[in-house]
Amino acid sequence: MRIDDTYRVTIPKEQDMAGLLDKSSRTGARKKNVTMSISVEVIEEAKAHGLNVSAVSEEALRRAGAEARRAAWLDENREALAEHDAWIEEHGLPLEDERLF
């Protein structure tokens, strides 16, 4: 990985991402070049610790996307979940009397 004076990250294709390999790199997923503005201090710290900025950024975006999907699902299903909880509160769990524990 090379970080030039403008803090643009360039990662050679042959570079091993040592522990920060993202799944898409291993599966041959298509990649897209993007431009990001990141705090100089953050980039310098990442560089000092040998972190792969692209791999770390991709993993953070993957996790943020998963969290956004989870939050959207909960929001879309909030009413149904509340109704389900209310039914359980009123009637108890189905087959509760058949449990052995």
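For residue 53, the criteria (1) under 18 Å from residue 30 (Cα atoms); (2) without any contact (Cβ under 8 Å) to a residue 40 or more places away in the chain hold in every case but one, which is (2). Applying a threshold of 6 Å to beta carbon distances and a minimum spacing of six or more residues, or different chains, the list of pairs starting in segment 31-46 at a residue that is at negative phi and in contact (Cβ under 8 Å) with a residue 12 or more places away in the chain and ending at one that is in a loop (DSSP other than H, G, I, E, B) and among the hydroxyl-bearing types (Ser, Thr, Tyr) reads 43/7. Within segment 26-65, the only residue that satisfies the criterion of being loosely packed, with under 10 Cβ neighbours inside 10 Å, of a type in the set (A, V, I, L, M, F, W, C) and outside any helix (DSSP H, G or I) is 34.
I'd like to know if segment 68-90 contains one or more residues that are under 20 Å from residue 33 (Cα atoms), of a type outside the set (Val, Ile, Thr) and without any contact (Cβ under 8 Å) to a residue 24 or more places away in the chain. No, that holds for no residue.
Throughout, read-outs are computed from the coordinates displayed, never taken from laboratory work. Every value quoted in this text rests on a predicted model; they were computed, and no experiment measured them. Note that we place each Cβ from the backbone using ideal geometry, even for glycine, and neighbour counts take in every protein chain shown.
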